[in-house]
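The values are calculated or read from the model by the stated rules, or taken from the named source; none is laboratory data. Since the structure is predicted, the reported quantities are computational estimates derived from the model, not experimental observations. Note that we place each Cβ from the backbone using ideal geometry, even for glycine, and neighbour counts take in every protein chain shown. Ligands, DNA and RNA are stripped out before the accessible areas are found, and what is left, the full protein with its side chains, is counted by its heavy atoms. Shrake-Rupley method; radii C 1.70, N 1.55, O 1.52, S 1.80 Å.
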Amino acid sequence: MSSELQAVVSGCSVPPLTRPQLAEARRMRAVELFEQGRSTSDVARMVGMHPESVRRWKRSWEQGGARALRRRPATGRPPKLDNAQAEVVRAALEQGAQAHGFEADLWTVERVGMVVERVTGVRLARASVWRLLTGRLGWSLQRPRRQAVERDESEIARWVAQEWPRIEKGR
């Protein structure tokens with residue numbers, strides 16, 4: 001049963017699998033097929049992978065079992081903000097910049113950094129703020145239009161039609 005069908009049947013929404021989760025599921029399916037005694041070429045065809053990858057998986061499986069083919073947690077320093085804090089930041093940003101005392105309703109990396117520090121008490125470097133916005137929160141860069149809010153198209157058209165010809169005559 002597909003994950004979409006499971007979601008419909010159970011009445012809840014199931015988030016789609018991430019690429020690492022899909023890759024691990026493919027490797028675990030290969031383990032089931034190895035255990036059934038299937039050939040490497042059969043397994044490769046059935047999981048949709050190159051036979052060399054499947055041979056590498058099989059060597060790992062023979063040496064360390066199914067555990068050797070499981071995903072490993074990411075290495076490196078853990079993020080300064082946990083998931084709950086990231087959601088608090090998302091909610092704060094969705095209120096808009098003016099709700100946080102800024103003149104214009106425009107977010108910059110510096111402004112976001114200040115809001116993150118206010119709502120979580122955690123100070124992030126510019127690069128970390130950018131990763132938070134684009135990676136964890138799914139935001140993207142948006143450039144504001146370079147046009148005055150007060151711009152009046154009808155007044156501009158009137159000026160071009162009436163005033164500009166008068167000014168040109170005076171030259």
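Separation between the His50 and Lys169 pseudo-spin-labels, each 7 Å from Cα along Cα→Cβ, expressed in nm?
Roughly 7.7 nm, to one decimal.
Looking at the chain, what % of the alpha carbon pairs are farther apart than 24 Å?
Of the Cα pairs, 65 percent sit more than 24 Å apart.
Just how large is the dipole of region 7-120 about the Cα centre, in debye to the nearest 20, putting +1 at every Lys and Arg Cβ and -1 at every Asp and Glu Cβ?
On the way: 19 positive and 13 negative charges, 185 e Å.
Charge dipole, region 7-120, about its Cα centre: 880 debye, nearest 20.
Which whole-percent values make up P(r) of region 51-107 when all C-alpha to C-alpha distances are grouped in 10 Å steps starting at zero?
Percent of pairs per bin, in order: 19, 22, 17, 16, 14, 12, 1.
Under the definition of Cα pairs under 8 Å and six or more residues apart, what whole-number percent is the relative contact order of region 1-152?
13 percent
Subtracting the Cα-Cα distance from 0.36 nm times the residue separation, let me have the gained length for Arg143 to Val119 in nm, one decimal.
Using 0.36 nm per residue and subtracting the Cα-Cα distance, I get 6.1 nm.
Please report how far the C-alpha centroid of region 137-159 lies from that of region 23-47, rounded to the nearest whole angstrom.
Each part reduced to its Cα centre gives a spacing of 56 Å.
Hey, what's region 64-148 come to in accessible area per residue, 1.4 Å probe, Å²?
For region 64-148, the per-residue accessible area is 74 Å².
Using a 1.4 Å probe on the protein chains only, how many percent of the accessible area of the chain belongs to carbon and sulfur?
51 percent
How many percent of Cα pairs in region 98-171 exceed 14 Å?
Percent of Cα pairs beyond 14 Å in region 98-171: 73.
If you keep only loop residues by DSSP, which trypsin sites (Lys or Arg not before Pro) in region 31-74 have at most 16 other Cβ atoms within 10 Å of their Cβ?
For trypsin sites (Lys or Arg not before Pro) across region 31-74 that sit outside H, G, I, E and B with at most 16 neighbouring Cβ atoms in 10 Å, the list reads Arg38, Arg70, Arg71.
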